Amino acid sequence: MAIFITDDCINCGACEPECPNTAIYEGGVEWKMSEGTTISEPYKIETGDVIEPDAEQEPVSDEFYYIVPDKCTECVGFHEEPQCAAVCPVDCCVPDPEREEEESVLAARQITLHS
C-alpha cells in the first residue's frame, strides 16, 4: 500500500529528501512522473489516465506535504521500512488503507520507476 501524509503534518519537510522515488512534494507544488525516476514514456497512473512523464500534475494537497501514490513504493527495493515514516516527527506518514498493495506490486513499481 502507498503511504500518505495525514492532516497532522506540520510542514517540516523532513520526509521529502528521504524519499528515493521523489514521491513527496510540498503542499501546492505540482509534480511530474519523471522527477526522481527513469520514466521517459507515457505512464498509466492508478486512475487509468495516461500521463506524459514531464507533464506537470495537480498537487494532491494544497495545505501540507503529500505523497504521489503512483510513485510510492514504501521504499521497497531501497530500505527495510518507509523512510518518510521513520523520520516524521509527528508520525503523520502512515499506510493508506485505501491503497493496499502486496510487496511484489511495490517491488515491480520500483523496478519500473528506476529501470
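The values are calculated or read from the model by the stated rules, or taken from the named source; none is laboratory data. Note that the structure is a prediction, hence the values are computed from the model and not measured. Here the Cβ is made from the backbone with ideal geometry for all residues, glycine too, and neighbour counts use every protein chain on show.
Restricting to the stretch 21-56, count the residues that are within 15 Å of Asp70 (Cβ to Cβ), assigned to a loop (DSSP other than H, G, I, E, B) and touching a helix residue (DSSP H, G or I) at 6+ places or on another chain (Cβ under 8 Å). Final tally of qualifying residues: 10.
Please count how many residues of the stretch 71-82 are surrounded by fewer than 21 Cβ atoms within 10 Å (Cβ to Cβ) and not hydrophobic (A, V, I, L, M, F, W, C). Qualifying residue count, the stretch 71-82: 4.
Condition check for Ile39 on (1) touching a strand residue (DSSP E or B) at 6+ places or on another chain (Cβ under 7 Å); (2) more than 15 Å from Ala107 (Cα to Cα): one failure, at (1).
Just so you know, in the stretch 1-12 the residues that are touching a strand residue (DSSP E or B) at 6+ places or on another chain (Cβ under 9 Å) and of a type outside the set (Phe, Trp, Tyr) include one that is nearest to Asp70 (Cα to Cα), and it is Ala2. Any residue in the stretch 21-36 that is closer than 20 Å to Glu98 by Cβ and in contact (Cβ under 8 Å) with a residue 60 or more places away in the chain? Looking through the stretch 21-36, at least one residue is closer than 20 Å to Glu98 by Cβ and in contact (Cβ under 8 Å) with a residue 60 or more places away in the chain.
For the residues Ala85, Ala23, Ala14, the requirement of being surrounded by 13 or more Cβ atoms within 10 Å (Cβ to Cβ), over 14 Å from the mean Cα position of the chain (by Cα) and at pLDDT 95 or above singles out Ala14.
Taken across the stretch 96-112, residues that are loosely packed, with under 15 Cβ neighbours inside 10 Å, under 27 Å from Gly28 (Cβ atoms) and among the acidic types (Asp, Glu) do occur, with at least one present.
Filtering Arg109, Arg99 for residues that are assigned to a loop (DSSP other than H, G, I, E, B), basic (Lys, Arg) and either in contact (Cβ under 8 Å) with a residue 24 or more places away in the chain or in contact with a Cys (Cβ under 6 Å, 6 or more places away or on another chain) (or both) leaves a single hit, Arg99.
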